[in-house]
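See structure below.
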Amino acid sequence: MPSDHPRTRRGKARRRNRQQENTRRETNSTESSESESNGGLLKPALVFVVGTVVGWGAYLFSTVVILSSPTDIEAVSVTGLSTSTTFWIAVGLLAIIVFAMLVRPGTVFVGWLLMAGVVAVVASSGGGWADGTLLIEGLTLAFVAVAAFVKMVLMLPDWFLFAHALNKGS
C-alpha cells in the first residue's frame, strides 16, 4: 500500500489537514462577506474619527489638569468636583489613553497627527497662534512622537526578521 493511501497514517493526516484548510477558507469567506454586508468601511471609519476626537480631547484635558495642578489649583477644578477628584479623573483618563496607545500605536499616531494638522490649519487660517493653541499643538505633537516611538519599537522584531532574511539570502 502506498504511503499516501487513505488508510495509512500519513494519508489520514493529509486528509485531516485538507478538511481543516477547507473549513478555514469557508470561515474566512463567511467573515469577509459579513463584514461587507455590515457597512463595509463606514463603521470602522466612524469609530476611528469619534475615537480620535474623544481620545484627543480627553488627552488634552487630562494633560492640562495634571501639568497645571502643582502651580494653579483653581485652574484645574471642574464645576461640581473638587480639585483632587478632577486630578484623579485626569490621571485615570491619561492611563486609559496610554493603554490605548500601547495597544494601537499606529492608529493613535495617524489620528492625532491628523488632529495636529487640523489645529494648525485652523490656527493659520483664522484663529491665530495663541498661547493655548501652541500648548495644544505641542502636547499633541509630543504624544504623536511617543506613539511613533512605540510603533517603531513594536516593529523592531519584524525589521530584525527582514534583516536576517536579507543576510541569509546573500
With a 10 Å radius around each residue's Cβ, average the other Cβ atoms per peptide and rank 114-121, 131-138, highest first.
-> 114-121, 131-138
Net length gained if the chain between Val153 and Leu46 were fully extended (0.36 nm per residue, minus Cα distance) | 35.7 nm
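Bear in mind that the values in this text are calculations on the coordinates, not laboratory data. Source: prediction; values computed, not measured. Positions of Cβ are backbone-derived with ideal geometry, glycine not excepted, and every protein chain shown enters the neighbour counts.
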